[in-house]
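Working notes, structure below.
Readers should treat all values here as calculations from the given coordinates under stated rules, not as data from a laboratory. No experiment lies behind these values; they were computed from the predicted model shown. Cβ placement follows ideal geometry from the backbone for every residue including glycine, while neighbour counts extend to all protein chains displayed.
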Amino acid sequence: MWTREALEILADTNPRELVPIVLELQDHAQALAGRLALNSQNSSKPPSSDVYTKPAPTSLREKSNRKSGGQAGHAGHTLEQVEKPDHVKIHPLTRCPCGCGGSLKDQPVVRIEKRQVFDLPPQKLEVTEHQAEVKVCPRSGKEVSAAFPKGVSAPAQYGSRWKAWLVYLRVWQLLPLRRIRQMCADLFGQTVSEATVESAVVFAFEALAGFEAEIIRLILLTPVAHADETGMRVDGNLEWFHVLSTTMITWLGAHPKRGHEAMDAFGILPRFKGRLIHDFLESYFRYLCLHGMCIPHILRELNFLHEQMNQPWAKKMKDLLLEMHRFIEEQKKKTDRLSAAQLAPWLERYHALLKEGFAANPPAARTPGKRGRTKQSKAYNLLRRLERHENDVLAFLHDFRVPFSNNQAERAFRMVKVQQKISGTFRTRRGAEAFARIRSYVSTARKQDYDVFRAMTGAMAGQPFMPRGPTA
């Protein structure tokens, strides 16, 4: 806000001296306008940040000609009768319902018509009492007793299936502690404390140490993995969840840092030799693996430059990348790699658009007297990234195993963000780490078509499900 005194000083200033001030103010105003124009359609901001001013839908996905709903060949799911029902109720026919009122007691049964009703039985906890015999040793005269089964250590305790149910509700269904207590009371007539639920979660976390070691081993063998990171409140502080994901495996980790310090601490990426799909976070480029960029991230930036900054080259680059993607999807049906002759025209068009972009966005000149790196425009910075990391941006064009997006990693985070909406924060670092490991377990089980509750029951009984791998 300009004060009266400042305006009076400007009024007496030589017009030539006002030029750099006006230019600086113009740049500042443009930067502020750009920040206000950012939304989930033209940047990496999540849809939740749009609040009440939702932008008009501009999905990067193109409409297909298919109708909504199940497609031809889709396997439906219909409730069908079972061969051996749990209960059978006979409904005898003793009087004719046709209106004559005659007796049918002595008439033979021609056939039976069957209808089955699927319903829940009354729920209650089943109590198993373990009785260990106590005897007196004839030699020593001491009392000795039979051993109780492993894990049966208290006069009264919950079993592994019940504790698996509590963890299932907490980590897979993401129910708050209070609602878990209410559900257990309503369904089973058994109220559990929050401490009981949390202790079951801790038990599962410790039981899955071997599983986590195995999925890390499998990720190190996979040719393509997806990486991402998202913020989360832990004990009132901003910390970070990290993910490495494939179509068959999910690994999640929690750490106070976002960048290479966390990645080094996990010890996975320093050993990874495949291709890592991610956004342009600089920390990932520290690792000597191959890289691939999330193209939808770039498309959103190009959207912003075209719609808000009036940059024609950005629209052309967006269209080119989408055209490349459609071409590659068609070529995958015919071959596993493009020839040099097929690649050349695509690369030529890419380079021509970079040249057009740089011509419209030359680098900003260094301001005399200012130290440090010169601040560049969003357009110039994106162009530099597209030029510098060309092989990573166009990896999907060179290698058909490379996906167009990083959606695999982003899907793994969706339920983490749901948990954030539900609880707002994790109370402790230990709780965040437990959630990450257990969520890795159930997500991997789900990807490999393994029943989640069965997997959780096995973990609580000391026999966790072990995944298959590797696959991209």
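Annotations
- For the range 120-220, the spread of Cα coordinates along the three principal axes comes to 57, 45, 26 Å, biggest extent given first.
- If the chain linking Leu238 and Arg111 were pulled fully straight, counting 0.36 nm for each residue of separation and taking away their Cα-Cα distance, it would gain 38.7 nm.
- In summary, the aspartates and glutamates within cross-link reach of Lys124, defined as a Cα separation below 17 angstrom excluding same-chain residues under 8 places away, comprise Asp186.
- Potential lengthening between His351 and Gln81 on full extension [0.36 nm per residue; Cα-Cα distance subtracted]: 90.9 nm
- A straight Cα-to-Cα reach below 20 Å connects Lys333 with the aspartates and glutamates Glu62, Glu323, Asp399, residues fewer than 8 places away in its own chain not being considered.
- Directionally averaged projected area (the range 166-239, Cα convex hull): 6.9 nm².
- Among the trypsin sites (Lys or Arg not before Pro) within the range 70-114, those in coil by DSSP and having at most 11 neighbouring Cβ atoms inside 10 Å are Lys89, Lys105, Arg111, Lys114.
- √(5λ) per eigenvalue of the Cα gyration tensor, the range 147-303, largest first, Å: 38, 19, 14
- From the C-alpha gyration tensor of the range 101-170, square roots of 5λ in Å: 53, 24, 9
- Of the chymotrypsin sites (Phe, Trp or Tyr not before Pro) found in the range 386-437, none is in coil by DSSP with at most 13 other Cβ atoms within 10 Å of its Cβ.
- Relative to its residue count, the range 411-451 spans a Cα convex hull of 66 Å³ per residue.
- Backbone amide hydrogens, once placed in the peptide plane, bring Arg233 within less than 5 Å of Glu239, Phe426, excluding anything fewer than 5 places away on its chain.
- Lysines whose Cα lies under 26 Å from that of Lys370, excluding same-chain neighbours fewer than 8 positions away: Lys378
- Rounded to the nearest 20, the size of the Cβ-charge dipole of the range 347-472 about its Cα centre is 800 debye, with Lys and Arg at +1 and Asp and Glu at -1.
- The range 264-360: projected area of the alpha-carbon convex hull, averaged over directions, in nm²: 8.2 nm²
- Each DSSP beta bridge with both residues in the range 203-352 is either parallel or antiparallel, and the antiparallel ones are about 70%.
- About the centre of its Cα atoms, the range 190-291 shows a dipole size close to 500 debye [charges on the beta carbon of Lys, Arg (+1) and Asp, Glu (-1) only; nearest 20 debye].
- Share of Cα-Cα pairs in the range 381-472 lying beyond 23 Å, as whole percent: 48 percent
- Of the trypsin sites (Lys or Arg not before Pro) found in the range 213-271, the ones in coil according to DSSP and having at most 15 other Cβ atoms within 10 Å of their Cβ are Lys257.
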